[in-house]
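Remarks on the structure that follows.
Here, each number is a calculation from the coordinates, and none is a lab measurement. The model shown is predicted, which means the values in this text are computed figures rather than measured ones. Cβ: placed from backbone, ideal geometry, glycine included. Neighbour counts: every protein chain shown.
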Amino acid sequence: MDYWFFLSYAHADDGSLLRRFYEELQEEVRQLIGGTKKQISFLDRNAIGHGATWDQTLEAGLKTCKVFVPLYSSAYFESPYCGKEFAAFRERLHTHLKAQKQPIADSLILPVLWSHEANVLESLPASINTIQYSDDDLKNGYPPEYKAVGVSHLVRMGAAPTSKYHDQYWDLIRKFANNLKVAAGQLQLPNATSLPSLDKVTSVFSSASKIPATATAEGPRYVQFIFVAGKEPELKKANRKRLKFYGQHGGSDWQPYLDSYPGDAAALAAEVIQALPNGCHYEEVATGDIRKQVEVAASQDKIVVVMVDTWTLQIEEYLDLITPLDNYSSVNCITLIAWNEDDDEAEVHKTELVAAVKGALTNKVLEQPANFLSESIKSYDTFKEELTKALTRAQSQIVEIAKIKKNTEFLRRVKASDDVVANPLT
């Protein structure tokens, strides 16, 4: 049987609240698309230990569902089996997109914050933290209580007609069901003939992708990305002919190496972060006052990678965004110009593109500091190689600077203490 959605959850979270949410979401989807409840969704009801093979009914659900709906909570991320369910569906989705030569994306994975956002973010693995778990559209997005308290609390305090969050809960149910229908309609995912055996599937929640529980939200293991790339209509006005690299939203909705890597800029960046040791954590920052954003990150010992599309520097408003970085120097900030030698149009217009980079970042072009990556970036492979080296170098430098500051502070305190002893009456 084919299913519209597969609800993936930690059995530790199971109970009347979860079942009620599932049944009400199931019915809302059924109202939108018709059919019977059995055709709408799959829920694994066996709270037993899983062995070396997939449960037959669960495997059927993963092979045929149109959309995967994971319930995010700390218990969910601690479950290796949930991580394997997630990985199996994601691999099915990505395999189909690759076969169709479409961009690699997670558009058919629609997470739900079962716990409130702050709790989820403490344990959200780096391997999946680029997947959107909310809808923040001011007019049609999810109610703010969704992030503030989580769905488990919305069910508890919102399902009954007279309860505190009744309107917000049903608003979320309706909008999530509609988003699910839209996602399934935009990409028809064919059924899989088989899944890899359970023991061969690596959980997406592997320890390498997590931040240790003792870590804070600061430090060089946190790497922020700011993507300076225009929207497709903007690039069209700038006389760019090969518009396939750009999306409608700008920023990370950009595929700089589409001919050799079908993922967008965010997926590319996350791939590099996941390959780094010590549980590095990917963060995406919206394009705004870039100089200020970099300074804030530096104060937290985070690393910022400002990734720039050369063609976008032909657009004045983006040029104004990047120019303030030219006079800013910090080991925390890596400025990366994404050249693509496979882009024939870029080769034809290289003189103009180089001039635009020089105009925006004159000092960096002349001085060529180690954290300015431009001439060495020529392709998807060199992007990964050079950025990995730059991030490793930046992490090492930040740690070394922290040691120097600590030793300097210690010596300052010792000197102050000696002065007090030498001058007891002052």
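Residues whose amide H comes within less than 5 Å of that of Val304, counting only those at least five positions distant or on another chain, are Gln224, Cys333, Ile334 (H built at 1.01 Å from N in the peptide plane). Shown here for the range 90-121: trypsin sites (Lys or Arg not before Pro) in loop regions (DSSP other than H, G, I, E, B) with at most 11 other Cβ atoms within 10 Å, namely Lys101. Going by the alpha-carbon gyration tensor, a ≥ b ≥ c the square roots of its eigenvalues, is the chain rounded (a/c under 1.5) or, if a/c is not under 1.5, prolate (a/b greater than b/c) versus oblate? Judged from the Cα gyration tensor, the chain comes out oblate (a/c at least 1.5, b/c at or above a/b).
Note down the relative contact order for the range 212-403 as a percent, whole number, built from C-alpha pairs under 8 angstrom at least six residues apart. Reported relative contact order: 24 percent. log10 I(q)/I(0), Debye, Cα-only the range 5-207, no solvent, q = 0.10, 0.14 Å⁻¹? For the range 5-207, the Cα-only Debye profile gives -0.40, -0.82. Placing unit charges on each Cβ (+1 for Lys and Arg, -1 for Asp and Glu) gives the chain a dipole about its Cα centre, and among Leu189, Leu154, Asn407 the Cα reaching farthest toward its positive end belongs to Leu154. Taking a point 7 angstrom from the Cα of Lys237 along the C-beta vector, which residues in the range 319-346 have backbone N less than 17 Å away? Of the residues in the range 319-346, 319-321 have backbone N under 17 Å from the label point off Lys237. In terms of its C-alpha gyration tensor, the range 1-120 has a rounded overall shape, because the principal axis ratio a/c (a ≥ b ≥ c, square roots of the eigenvalues) stays below 1.5.
Under 8 Å for C-alpha pairs, at least 6 residues apart: give me the relative contact order for the chain, rounded to a whole percent. Rounded, it is 14 percent for the chain. A Cβ-based charge dipole, computed about the Cα centre of the chain with Lys and Arg at +1 and Asp and Glu at -1, lands at about 580 debye. For Phe5, the amide hydrogen comes within under 5 Å of the amide hydrogens of Ser41, Phe42, Lys66, Val67, counting only partners 5 or more places away or on other chains and with H modelled in the peptide plane. Farthest toward the positive end of the dipole of the chain, out of Ser374, Gln56, Tyr222, is the Cα of Gln56, where the dipole comes from beta carbon charges about the Cα centre. Each peptide in 301-314, 23-36 was scored by the mean count of other Cβ atoms within 10 Å over its residues; highest first, the order is 301-314, 23-36. Under the combined filter of DSSP loop state and at most 10 neighbouring Cβ atoms within 10 Å, the range 123-164 retains these trypsin sites (Lys or Arg not before Pro): Lys139. With label points built 7 Å along Cα→Cβ from the Cα atoms of Asp136 and Asn178, find their separation and express it in nm. About 2.0 nm, to one decimal.
The residue list Gln248, Ser115, Ala238 was ranked by how far each Cα lies along the charge dipole of the chain toward its positive end, using unit charges on Cβ atoms, and Ser115 comes out on top. On a 22 Å Cα-Cα criterion, which of the cross-link pairs Lys38/Lys66; Lys364/Lys405; Lys63/Lys84 come out too long? From Lys38/Lys66; Lys364/Lys405; Lys63/Lys84, over 22 Å: Lys364/Lys405.
The charge dipole of the range 40-153, taken about its Cα centre with unit charges on the Cβ of Lys, Arg, Asp and Glu (plus for the first two, minus for the last two), comes to roughly 480 debye.
A protection proxy built from the mean count of other Cβ atoms within 10 Å ranks the segments 353-364, 70-81, most packed first, as 70-81, 353-364.
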